[in-house]
Structures are given as structure tokens and as C-alpha cells.
1. Among the candidates R31, R68, R5, single out the residue that is of a type outside the set (V, I, T) and closer than 24 Å to G152 by Cα.
2. Which count do you get for residues in the range 215-228 that are under 10 Å from V244 (Cβ atoms) and among the hydrophobic types (A, V, I, L, M, F, W, C)?
3. Can you say whether F110 is on the phi < 0 side of the Ramachandran plot, within 20 Å of the chain's Cα centre (by Cα) and not in a loop (DSSP other than H, G, I, E, B), as far as the supplied structure shows?
4. Restricting the range 71-92 to residues that are in contact with a Lys or Arg (Cβ under 9 Å, 6 or more places away or on another chain) and part of a helix (DSSP H, G or I), which is surrounded by the fewest Cβ atoms within 10 Å (Cβ to Cβ)?
5. So, in the range 124-158, exactly how many residues are surrounded by 14 or more Cβ atoms within 10 Å (Cβ to Cβ) and in contact (Cβ under 8 Å) with a residue 40 or more places away in the chain?
6. Give all pairs with beta carbons closer than 8 Å in which a residue from the range 267-280 that is touching a residue at least 12 places away in the same chain (Cβ under 8 Å) and part of a strand (DSSP E or B) meets a residue that is of a type outside the set (F, W, Y) and exposed (fewer than 12 other Cβ atoms within 10 Å of the Cβ); count only pairs at least 6 apart in sequence or on separate chains.
7. Here are the criteria: (1) more than 24 Å from L139 (Cα to Cα); (2) surrounded by fewer than 18 Cβ atoms within 10 Å (Cβ to Cβ); (3) within 24 Å of the chain's Cα centre (by Cα). Tell me which single one R5 does not satisfy.
8. Give me the residue from the range 232-258 that is more than 23 Å from V195 (Cβ to Cβ) and either at pLDDT below 90 or under 26 Å from the mean Cα position of the chain (by Cα) (or both) and, out of that set, surrounded by the fewest Cβ atoms within 10 Å (Cβ to Cβ).
Amino acid sequence: MDDWRAVHTWASQQQSCRYQAWGPNTEAQTRAFVADAVNAWEQRPQLRYVYAITCDDQVVGMGELKLRQNSQAEIGYAVHPDHWGRGHASLAARQLLHQAFERHGVHRVFATCDPRNTRSAAVLRRLGMTHEGRLREVLHIRDGWRDSDVYGLLAHEWASSEVDSAIRAGRDGQHQSSPPSPASLVREFHRHVGVAVRSMPTVEVDGARRRCDFVEEEARELRTAVESIDVVATADALADLAYVVYGAALHFGVDLDAVLAEVHRSNMTKSPAGDGKAIKGPGYEPPAIEQLFRTGARSS
């Protein structure tokens, strides 16, 4: 709720909402919007995810993901006019797509924009989204009835874009090697064999013990490979171990990439102690995993 004043600096501007049905906001309207966005995180099931876009620790915009019926999701974003053209919208939209496909496992993500809003349309095209058509006069705004262009991206297109750095990095014509993440690979396998992926973190699920058995089995194979001084078998065992660990995370509804990043942040606050070791000194900060769960480190 403390961010409402920062949000209001752009939500109260005419140019921010030129193509929208809302705004320019009064202070009361902005307060209500921020309150609703915060409360959405407490709803079960949670169908709305609103994120702040920050720059230099200042809120300069927002991105929103809405889960719809039939494995569909909608994304939207807004950025302070002073920060237009700096890539914030592209980065936010890309993260929303990641949330939709990688954490929530939807089949299709769509977005709409006023045909006159060429900046927003360019963002959606750079993300690899397809212009699917135009809905005529579907929204009434201050200057009359507005058309909406619809852009969409399918799950298999997103999976292909995992190795397309022009889309992943948001830069046209610049291709670099960018392999898919372990989470996306294992998720694809789960879809292939029909294994469920959960949306909320929990270990109180059927098959939890079996997941632990998988990890223990692959760990034993890794030890055998290392003791046999077989580097090929060791590499294979390491990959298998990573595979079942990420599989367990998906089974338990945990975004392991986000948790791993938080554990890394925590580890970097430890003090070097020599011999490749580190200790928890005065500046040590434990990983805030519970906070991650409250703010979206979930998988499905």
C-alpha cells in the first residue's frame, strides 16, 4: 500500500491512460487500485497477479497477469511516461509470459491494445506474439468507442522461443546461444507424459515419498559413476539428478529457479572462510523463501 503515491505519479497523467478505460485517476482511485492489487495475492484460487515495475528502487509501472478459463491468460502493463522507451514494458511483459507458461502452465496468452497505441503493439510483436485480429468498438473510452487489436502466443511457440534469443532478450536480429532452462525442459516432459504440475507450494500430496525415492536413486547412481571414474556416466547422472529435483519441485508447486536465486542471494552474504567454505558472519541474511511463496514463487 505504501507504493500508491508512486503509482499515482503516472496513473494521474492523461498520457498514461490515453488508450485505457480508466483514468486519469484521483488519489482515491489509485489507492483503491493498489489495495485491490495487494488483496489479489491473498485470494484462493488466485487468478490475478499484479507486479510492480521498479527502476532504482522506485515504482515506475506495473505488470498484470490474469488467469482465464480454458487454460488461457491475459497480460497487461503500464509504465510511467518518463520511463517510456527504456525497455521496461518489454521486460515486464516477458516476465509475465514466463509466469503464465512456466509457472501456471497455460496453453495460450493474449493481450489487447488500441490500434493507435503503436508503442504497445511493437512490444507485443517483439515478444513473438501474433496479431490475431481486431475486435471492433469493444471498449468505450473518453474519445468514444475503441477497437482492440488482439495478440496471442501459444505454449509451443513459447517453448520454441526458449532457444530464440531474439525473443528472449527482446532484441531484433541479435542471435546468441541461450539454452532452455531446466524447469522448462522438465515441465515439457511432464506435459508429454501427463504428470500434473501444481500451482501452490505444498508437500502434502500423493507421490511425495516417491519423489524423494527418485532423488535418492539418482544420487546413488551419481556416486557410482564418480567412484568408477567415468566422466560420461557422471555427467549423465548429474543431469538425471537435476531432472528429478526439478521434477519434484514441479510436483510440489515450487518455482525452484526463484528459490535457488534467493538461496544464492543469501549465500553471497556469508563471509569467505578459506578452502572454498563460507561462514554466517554478522552480515548474513537467511533466504526469505516464505516471502517468495507469498509473492509468487509457485509453479503451475
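The values are calculated or read from the model by the stated rules, or taken from the named source; none is laboratory data. This structure is a prediction, so every number in the text was calculated from the model and none was measured. When we count neighbours, we look across all protein chains shown, and the Cβ atoms used for this are built from the backbone with ideal geometry, even at glycine.
1. Working: R31 fails: closer than 24 Å to G152 by Cα; R5 fails: closer than 24 Å to G152 by Cα.
Going through R31, R68, R5 in turn, just one is of a type outside the set (V, I, T) and closer than 24 Å to G152 by Cα: R68.
2. Our first condition is that a residue be under 10 Å from V244 (Cβ atoms); within the range 215-228, this holds for 215-219.
Narrowing further to those that are among the hydrophobic types (A, V, I, L, M, F, W, C): 215, 219.
So the count comes out to 2.
3. For F110, the condition - on the phi < 0 side of the Ramachandran plot, within 20 Å of the chain's Cα centre (by Cα) and not in a loop (DSSP other than H, G, I, E, B) - is met.
4. Applying the first criterion (in contact with a Lys or Arg (Cβ under 9 Å, 6 or more places away or on another chain)) to the range 71-92 yields 71-76, 79, 84-85, 89-90.
Now drop any that are not part of a helix (DSSP H, G or I), which leaves 89-90.
Working: A89: 25, S90: 19.
Out of the qualifying residues, it is S90.
5. 12
6. S271/I279; S271/G281; S271/G283
7. (3)
8. Let us first name the residues in the range 232-258 that are more than 23 Å from V195 (Cβ to Cβ), namely 232-235.
Within this subset, residues satisfying the condition of being either at pLDDT below 90 or under 26 Å from the mean Cα position of the chain (by Cα) (or both) are 232-233.
Values: V232: 8, A233: 15.
Filtering the range 232-258 for residues that are more than 23 Å from V195 (Cβ to Cβ) and either at pLDDT below 90 or under 26 Å from the mean Cα position of the chain (by Cα) (or both), the one surrounded by the fewest Cβ atoms within 10 Å (Cβ to Cβ) comes out as V232.
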